[in-house]
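Right, one structure below, let's go through it.
A short reminder: the numbers here are calculations on the coordinates, not readings from a lab. Fair warning: this is a prediction, and the values are worked out from it, not measured in the lab. Using ideal geometry, Cβ is built from the backbone for each residue, glycine included, and neighbour counts are taken over all protein chains shown.
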Amino acid sequence: MWCVVRVREGSEEYVRMQCQEKFPRGLLKDCYVFYYEEKRHVQGEWTIQQKLLFPGYIFLVTEQADLLHEELNRIKGFTQLLEADHKIAALTDDEVDFLTAFGGKEQTIEMSEGVIEQSEIKVYSGPLVGKERYISRIDRHKRRAFLEMPMLGQRQKIRVGLEIVSKT
């Protein structure tokens, strides 16, 4: 079961490390903080930087969700465990598959490249290949795509790196 935990923004990695170190053995299968790559123009050169995909959130994988809440209360920076109908909110199998395929083993969504042909976005490299239907808008100047994806019964808006190399 993948649980979503709200933490103070800026403390995602710190909370992730605390969970891995302080939780009893066997409680936590894994803990994720997702990132995306973005091209930024810094001092006249384009560089790739990593940004948080979900600022203020970490994802915990466990089979013992009932013990999870108790242990989280001992973690500095923990805000809340997301719940729905007084039960711990867990990602569906489709959502987990999407995130793991999208972010890969490193949980980092790399830059994608594509073109705009006749007002239609076509991505030909990177994790956005085949996921064009999730793109709600693009910012060609900042090399970003804004996606709307279903998660926890809602439409989540996220941004990822997308460079449009040509437009016809």
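A few notes on this one:
- Where labels lie 7 Å past Cα in the beta-carbon direction, separation of GLN156 and ARG140 in nm: 3.0
- Model label points for LYS51 and THR100, set 7 angstrom from Cα along the Cα-to-Cβ axis, are 2.8 nm apart.
- Fewest-first sequence of MET17, MET111, MET1 by Cβ atoms within 10 Å of each Cβ: MET17, MET1, MET111
- Trypsin sites (Lys or Arg not before Pro) within segment 5-56, DSSP loop, no more than 12 other Cβ atoms inside 10 Å: ARG25, LYS29
- Read-out Kirkwood radius over Cα pairs in Å, derived from the coordinates shown; its label in (i) 16.1; (ii) 17.2; (iii) 18.6: (ii)
- Neighbour cut-off at most 14 other Cβ (10 Å), DSSP loop, GluC sites (Glu not before Pro), segment 1-52: GLU9
- Residue-span extension gain [THR168 to MET1] - 0.36 nm each, minus C-alpha spacing: 55.6 nm
- DSSP-assigned coil residues among trypsin sites (Lys or Arg not before Pro) in segment 71-129, each with at most 12 further Cβ atoms within 10 Å: ARG74, LYS76, LYS105
- The distance separating the Cα centre of segment 101-144 from that of segment 13-62 comes to 20 Å.
- In the chain, the longest principal axis of the Cα atoms and the axis of helix 93-103 are about 60 degrees apart.
- Note on LYS122 and GLU13: their simple-model spin labels are 3.9 nm apart, each label 7 Å out from Cα toward Cβ.
- Based on C-alpha pairs under 8 angstrom that are at least 6 apart in sequence, the chain has a relative contact order of 24 percent.
- Set of lysines with alpha-carbon distance to LYS131 below 24 Å, sequence-local pairs under 8 removed: LYS39, LYS51, LYS105, LYS122, LYS142, LYS157, LYS167
- Dipole axis of segment 28-104 (+1 Lys, Arg; -1 Asp, Glu on Cβ), positive-most option in VAL42, TYR57, ALA89: VAL42
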